[in-house]
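Derivation of every value follows stated rules applied to the coordinates shown; laboratory data play no part. Predicted model only: the values in this text are computed from it and were never measured. Cβ atoms come from the backbone with ideal geometry, glycine included; neighbour counts cover every protein chain shown.
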Amino acid sequence: MPERPRDTHALDAFMKGFSATGGGSAEARVLVHQGFSVHNLRLRGQDHAQAFARCGLPAPPANNEWAGDDETLYWLGPDEWLLVCPEGMATPDFIASGAPPEPMTVNDLTGGWVMLTLSGPGARPLLERGCTIDLNPAVMGEGHCAQTLLAKSPVLLATHADPERVTLLVRRSFAEYVALWLAHTGEPCHIAFAFQARHAAGS
Amino acid sequence: MSQAFRLPVGGRIRRDEPLEFTFNGRTLSGFAGDTLASALLANGCRVVGRSFKYHRPRGIMAAGAEEPNAIVQVGRGQHAEPNLKATQVELQAGLEARSVRGWPSVNFDLGRINDRLGGVLAAGFYYKTFMSSAGSWHRSERFIRRAAGLGWAPTGSDPDRYESRNAHCDVLVVGAGPAGLSAARSAALAGARVLLVDDQPELGGALLACRDTIDRMPAKDWLAAQAAFLEAQPRVRVLRRCTAFGYHDHNFLSLVQHDLTDHAVVQRLWRVRAKQVVLAQGAFERSLVFPNNDLPGVMLASAVSTYIRRYAVRPGCQLVVFTNNDSGYQAAIDWLEAGGQVEAIVDCRDDVRGDLPRTAQSMGARILTGTVVAGARGRSGLRSVEVAPAAGSGVARQKLQCDVLAMSGGWNPAVHLHSQSGGRNQWQPEPACFTPGNPVQAAVSAGACNGVFGLRECLAQGHQAGQEAARRWGFEPAFDEASEAPAMQSGALMPLWRVPEMRGRLAASKQFIDYQNDTTLSDLRLALREGFEHIEHIKRYTALGFGTDQGKMGNINGMALVAEGLGKTIPEVGTTTFRPPFTPVRFGACAGGDVGDLYEPVRKTPLHEWQVENGAPFEVVGQWLRAHYYPHEGEDLETAVCRECLATRASVGIMDASTLGKIDVSGPDAETFLERLYTHDIARMSVGRCAYGVMLGEDGMVMDDGVMARLGPERFYVTTTTGGAANVLSWMELWLQTEWPDLQVRLTSLTETWSTIALAGPNSRQVLRAMGCDVDLEPEAFPFMTTRTARLENEPVRLFRISFSGELAYEINVRSDRADFMWRRAMAAGAAFGITPYGTETMHVLRAEKGFIIVGQDTDGSVTPVDLGMNWMMSKSKDYIGRRSLARPDCVRPGRKQWVGFRSLDDRTVVREGSQLVQGDTLEPPVPLLGHVSSSYFSACLGYPIALGLLNDGKRRHGEELLAVDAGGGRTRVRVVAPVFYDPEGERQHA
């Protein structure tokens, strides 16, 4: 029996069963990322910008915004951030050492999240069908993020300078539902799915 | 096929696109741009349906959403759609339509007999006939439904595809008539993001049938210029064939759009969040109330104009106009221009001096002032009308031959959306109509729906409304001028709610108010005589304003006549409540794409694939799919579960427990916080210890349970039930954020991050060893109810030595993306011990043998921990949520239901869950119910069935015999026992 990989992806079964249509001409493409780590950071009552700077992290300027390239920090709530980095890359020291600067609380959520990047002219119109927040690029523009619902699944949605690109972070057990929703809902406009072997930021 | 009533020129139909369609089996033709109604009129179909109660022949009366009569079934098979208004069905090639009533046919309907039985079938017929004798409705229902019902719905699932969209805009403009177009334009020029919606296939509203000039050009050219301008704006989105049907709180509106271009999707539901709303839906013309006012050929005056000008159909030869205002004259003008003959214009006013009457007169129309139509005559269609003085003696003056009567009783502004938004309406005596009062949301009404009926005024008001809406949202209006139409003089309307009572045959003829429900003037009078006074009661008694048209045409007439009967004013009587939807909306559109596989998220654990490979049937728990059991070849549930139970107790079993909620509770005040939420002493837990915890609601009732572990001085790992995970996290956040913001605690859900593999059974330790566990697993080093970080198969994991089976057991928490790997390794390592995967059913049996509860199965929100015998885990030294409630008199009263076990006396029968417990053998009512069985299984390792449940004063009843009676009447004699059946000393789990 061939050795199975240690890591399995929540969308393995879905990707096996999904016959991609459209391909290069697809109006919306979905890239399924692999190989990234996720950490939840909590910090209250501190100058967080300074605290993050000390850790060498890019601090998003405001709530519901994100910053960074390889390491991405999403500001989720008054005292809550999500750090996404390529797995294996030198994570901030405090994560590697397990000793965050006081009084930061860190939880490793790697393996619990699925990251998808939608791109193409059909990406935002597709999301518009299941997401109630205003996805107009003038409102959700570069560096914005929001915790919201896509159809019936909670998601973290982040927008980029390129208005045709949107990143979705989905809790693992909801990933198949979200993928199925994207596939079904995107059907008329041809949607393509692909795994991205290793997580590369900015893609 | 000839279209005898089609005019040779004119209209907005596309004559180069002829279309064939069928109506009641007859093949007919029309043109692209027709509605089904206009095509039927072009083909001379006068009778298009039969009325609801009296089966009177009915024809098309209106040209829009207010049409009460022309109700049709469109399409066939699963695609059939019942109860559409022919006036709203866009004609398409191959369209199949049928009348929804009329047997054997619409032209000859045996149900017409009801017309003679009018006295029996008057208002309240159903109440009077069927409330008195319960059985009569059941006997008659089938017949009545066929006779009175509307269309028929397909029985299979809907094959059509629907979708929903969310949209946001600065200014939503509802209606693209002159006011709406002006509003959209001025808001767009100010820079606002505009969404313009209109229910027609093309923009224009009333302008589509308008012969006036705007900005010194023909209205149709102005319209084309506006449409082109709006289409070219990047910040303007135009939705055609789209009806705003609901105006909800926070300027949230729902729209339904018919899609004829995208064949994949038939209807689209738009959920719009608008910063500002401009309501410009226009107005509905009122019918007039006179004897036989429902004969085919009696139409709204505006509809006559629309059919002539927009669809190039003149629906007859000889016209009589009956009006109480100037706008009715337009029909006569259009009729004359279309080559028809106008017998007379019957105007109830004495003084007629507006521009329109002057034009009509100059074209040769005869005007009878101070006159009313006293009644209409004809059998299956209008043949003549009788006219009489308005201030009448009840004697008809003369008879006028005609095949079409155009009536205009004034206009009702479409205040529906304004009313739905929470706004009130105010009665305007001058045009005699309700207009929108002050808006209560960020909305403004403009044009005819605001009680402004002149084209010039509509254009100005729309322009201003668009600017105002944009300004309110922070845009600086551009310096553009409102478009202009020539000023028009028009005379005042004279309210006319009914015509004077006539003598003779006409006196006995029905005068319809609500055509769709066959509600007549005499029905209203009967309701008043029987004591109904409130308009909402009268509506329900007479059916006034029900139906697919919701009384858009006749409602105000009804209210005015009720006011007359009660001696009140119209505003005193008021309107009934306007509720969504404005026009009918398919359920399919509401469901959108959330059907089939997407009906609800199906959450799968990382071990799902292995479970599928190994043939496990799944059980739905919350949104999760959990492996129910793992049948071998030829096994059913029962045998598989027996095997799984025995194997686990004898050697080792393995289960996927990943769905349990897992919450990291961290921070300097984590201990204090948990002390307040859980009943046991948290402070006593040293680092590395686990404890079973129960959480109570403020009422003292068990809310959730789970094992928590102390990972550090300021860090806990709390588990919840599968179904309670989200609620418990919200509950915790609620207390932290609203009551105890001073506590420094952070909550992080780890449910998705960690998967849980439970190993249970005497050989579970051996399996861990075989997996290369790097921590000392000896009982002294790693005792029961403790946790350790470890490496298994060289992967970091967290091990919990906890047990939900009463066996020596461990739970492996592993990163979710490595769970599949870890599980397969555990299966390999356990092979030597015959490791047996087990599902939720076996888990239930194993825990029941130990008397462990399942929150939500054994508890129901009325059970305290004391009832469950959990006093041992309720701290006396601290306070916690729900503690106070446990001292309430009802919680301490003797005789409360308590947690007990049951054994069937025959040691064979598995009592059905839900069985009620009673005393004695005779079930002579009243039978006191003493409690119920909440869990019941066959225990393979004990060799007999066991059951658990709640019983009045149960702790003191051990040993008693009772009768368990299930819902099917099955009876089992049971003995009350202690709720622990297996290893009551707990030696095995400590092994």
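Length gained on full extension, residue B:633 to residue B:90, computed as 0.36 nm times the residue gap minus the Cα-Cα distance: 189.6 nm. Ordering B:59, B:898, B:871 by the projection of their Cα atoms onto the charge dipole of chain B, which places +1 on the Cβ of Lys and Arg and -1 on the Cβ of Asp and Glu, puts B:59 at the extreme positive end.
Relative to the dominant Cα principal axis of chain B, helix B:840-850 is inclined by about 50°. In this structure, residue B:827 and residue B:26 have a Cβ-Cβ separation that, at R0 = 56 Å, corresponds to a calculated FRET efficiency of about 0.20. Kindly identify segment A:41-113 as rounded, prolate or oblate by the Cα gyration tensor criterion: order the square roots of the eigenvalues as a ≥ b ≥ c, call it rounded if a/c is under 1.5, otherwise compare a/b with b/c, prolate if a/b is larger, else oblate. Rounded. Here segment B:828-848 is scanned for amide nitrogen atoms under 19 Å from the site 7 Å beyond the Cα of residue A:13 along Cα-to-Cβ, giving B:837-841.
In the protein assembly as shown, a dipole from Cβ-located charges (positive for Lys and Arg, negative for Asp and Glu) runs towards its positive end, and of B:238, B:857, B:759 it is B:238 whose Cα lies farthest in that direction. Approximating the spin labels as points 7 Å out from Cα along Cα→Cβ, the residue B:471-to-residue B:991 distance works out to 8.5 nm. Compared with the direct C-alpha span, the chain from residue B:737 to residue B:273 gains 164.2 nm at full extension, assuming 0.36 nm per residue.
Report note on the peptides B:159-168, B:193-202, B:466-475, B:32-41: ranked by the mean count of other C-beta atoms within 10 Å, highest first, their order is B:32-41, B:193-202, B:466-475, B:159-168. Annotation for segment B:689-714 versus segment B:356-428: alpha-carbon center distance of 76 Å.
Peptide A:99-110 has a mean shielding of 4, counted as Cβ atoms of other protein chains within 10 Å of each residue's Cβ.
Gain on full extension, evaluated as 0.36 nm per residue between residue B:577 and residue B:614 minus their Cα-Cα distance, stands at 7.5 nm.
With the cut-off at 1.5 for a/c, could you classify segment B:391-526 from its C-alpha gyration tensor as rounded, prolate or oblate?
Values: a/c = 3.49, a/b = 2.04, b/c = 1.71.
It comes out prolate by the Cα gyration axes.
So for B:899, B:872, B:270, fewest C-beta neighbours within 10 Å to most, what's the order? Provide the component values of the computation, followed by the final result.
Values: B:899 25, B:872 7, B:270 22.
Ascending Cβ contact count within 10 Å gives the list B:872, B:270, B:899.
Cα axis of helix A:175-186 to longest principal axis of chain A: angle in degrees, 0 to 90, nearest 10? Rounded to the nearest ten degrees, it is 40. Taking the Cα centre of chain B as origin and assigning +1 to Lys and Arg Cβ atoms and -1 to Asp and Glu Cβ atoms, the resulting dipole is close to 2820 debye.
The Cα center of segment B:891-937 and the Cα center of segment B:750-804 differ in position by 39 Å. Applying both filters, DSSP loop and at most 12 other Cβ atoms within 10 Å, to the trypsin sites (Lys or Arg not before Pro) of segment B:852-926 gives B:876, B:908.
Residue B:75 sits among other residues whose Cβ lies under 12 Å from its own Cβ, and their net charge, with Lys and Arg +1 and Asp and Glu -1, is -2.
With a ≥ b ≥ c taken as the square roots of the eigenvalues of the C-alpha gyration tensor of segment B:845-991, please select rounded if a/c is under 1.5 and otherwise prolate if a/b is larger than b/c or oblate if it is not? Numbers along the way, then the final one.
Numbers: a/c = 2.23, a/b = 1.22, b/c = 1.82.
It is oblate, given that a/c is not under 1.5 and a/b is not larger than b/c.
By how many degrees, 0 to 90 and rounded to 10, does the Cα axis of helix B:819-830 deviate from the longest principal axis of chain B? Value to nearest ten degrees: 30.
Couplings 3J(HN,Hα) for segment B:921-933, derived from phi with the Karplus relation 6.51 cos²θ - 1.76 cosθ + 1.60 (θ = phi - 60°), are 9, 7, 9, 7, x, x, 9, x, 8, 9, x, 8, 8 Hz, where x marks Gly and Pro.
Provide the FRET efficiency to the nearest 0.05 for the residue B:379-residue B:530 pair, computing r from the beta carbons and using R0 = 45 Å.
On the way: r = 33 Å, r/R0 = 0.73.
It comes out at approximately 0.85.
Computed from phi, the 3J(HN,Hα) profile of segment B:42-52 under the Karplus parametrisation 6.51, -1.76, 1.60 (θ = phi - 60°) reads 4, 8, x, 7, 8, 8, 10, x, 10, 7, 4 Hz, with x in place of Gly and Pro.
Using a cut-off of under 15 Å, list every residue of segment B:969-985 whose amide N is near the label point 7 Å from the Cα of residue B:905 along the Cα-to-beta-carbon line. Hits in segment B:969-985 for residue B:905 at 15 Å: B:971-977.
In deg cm²/dmol and to the nearest 500, what is the mean residue ellipticity at 222 nm of chain B if only DSSP H runs of at least 4 residues count, each as -39500 (n - 2.57), divided by the residue total?
Numbers: 24 runs with 218 residues, N = 991.
Using -39500 (n - 2.57) per qualifying helix, the result is -6000 deg cm²/dmol.
Looking at segment B:41-86, the trypsin sites (Lys or Arg not before Pro) that sit in a DSSP loop and have at most 14 other Cβ atoms within 10 Å of their own Cβ are B:76. Got the relative contact order for chain B handy, in percent, Cα pairs under 8 Å and 6 or more residues apart? It rounds to 9 percent for chain B. Evaluated with a Cβ-only charge set (Lys, Arg +1; Asp, Glu -1), segment A:36-108 carries a dipole of roughly 180 debye about its Cα centre, given to the nearest 20. Note on residue B:778 and residue B:501: the model spin-label points, each 7 Å out from Cα along the C-beta direction, lie 10.9 nm apart.
Ranking of B:258, B:79 by neighbouring Cβ atoms within 10 Å, starting from the fewest: B:79, B:258. Which percent, nearest 5, of DSSP beta bridges in the protein assembly as shown are antiparallel? Once the DSSP bridges in the protein assembly as shown are tallied, antiparallel ones form about 75 percent.
Label 7 Å along Cα→Cβ of residue B:125; segment B:83-115 residues with amide nitrogen under 20 Å? Answer for segment B:83-115: B:100-115.
Just flag the trypsin sites (Lys or Arg not before Pro) in segment B:345-389 sitting in loop per DSSP whose Cβ has no more than 16 other Cβ atoms within 10 Å. Let's see the in-between values first.
Working: sites: B:349, B:353, B:358, B:366, B:377, B:379, B:383; in loops: B:349, B:353, B:366, B:379, B:383.
In loop regions of segment B:345-389 (DSSP not H, G, I, E or B), the sparsely surrounded trypsin sites (Lys or Arg not before Pro) are B:353, B:366, B:379, B:383.
Just going by the charge dipole of chain B, with Lys and Arg at +1 and Asp and Glu at -1 on Cβ, which of B:166, B:838, B:361 is farthest out on the positive end? The residue sitting most towards the positive pole is B:361. For peptide A:150-157, the mean count of partner chain Cβ atoms within 10 Å of a residue's Cβ comes to 2. Placing unit charges on the Cβ atoms only, positive for Lys and Arg and negative for Asp and Glu, gives the protein assembly as shown a dipole magnitude near 3960 debye about its Cα centre. Amide H contacts under 5 Å for residue B:165: B:269, B:270, B:271, restricted to partners 5 or more places along the chain or on a different chain, H placed in the peptide plane at 1.01 Å from N. Estimated from the Cβ-Cβ distance and a Förster radius of 45 angstrom, the FRET efficiency linking residue B:508 and residue B:228 is about 0.20.
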